[in-house]
1. To the nearest 20 debye, what charge dipole does region 2-55 have about its Cα centre, counting +1 at the Cβ of each Lys and Arg and -1 at the Cβ of each Asp and Glu?
2. By how many degrees, 0 to 90 and rounded to 10, does the Cα axis of helix 9-18 deviate from the longest principal axis of the chain?
3. With a ≥ b ≥ c the root eigenvalues of the C-alpha gyration tensor of the chain, is it rounded (a/c under 1.5), prolate (a/b larger than b/c) or oblate?
4. For the chain, with the dipole built from +1 on Lys and Arg beta-carbon atoms and -1 on Asp and Glu ones, taken about the Cα centre, which of GLN22, TRP32, LEU49 lies farthest toward the positive end?
5. Add -39500 (n - 2.57) for each DSSP H run of 4 or more in the chain, then divide by its residues: what number comes out at 222 nm, to the nearest 500 deg cm²/dmol?
6. What is the packing order of peptides 38-45, 4-11, taking the mean over residues of other C-beta atoms within 10 Å and listing the highest first?
7. In a shell of Cβ-Cβ distance under 12 Å around TYR13, excluding TYR13 itself, what net charge do Lys and Arg (+1) and Asp and Glu (-1) give?
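Every number in this text was worked out from the coordinates using simple rules, so none of it is lab data. All values reported here derive from a predicted model rather than from experimental measurement. Here the Cβ positions follow ideal geometry from the backbone for every residue, glycine too, while neighbour counts run over all protein chains shown.
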Amino acid sequence: MYNFAVPDVDAEYDRLMAAGFQPVMPIDDHPWGDRGFAIKDPNGIMLYLYSDREPSEEFKQYYKAVE
């Protein structure tokens, strides 16, 4: 699986669905701090596209503050 951070994951989702891709994992907000989805490319490789989001309180303890 390859992970790609993109500026606007919703726009990428719309673009790829319009191009005929089907999600393997539907687009969703995840408590660990991203919004993303997964597809398989034509070669069978899994691609996970995401944009960062604020993590839930449960996961914030694992993030180091950026100064």
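1. The dipole magnitude comes to about 240 debye.
2. Roughly 10 degrees, rounded to the nearest 10.
3. prolate
4. GLN22
5. One gets -5000 deg cm²/dmol as the mean residue ellipticity at 222 nm.
6. The packing order, highest mean first, is 4-11, 38-45.
7. Here the count lands on -3.
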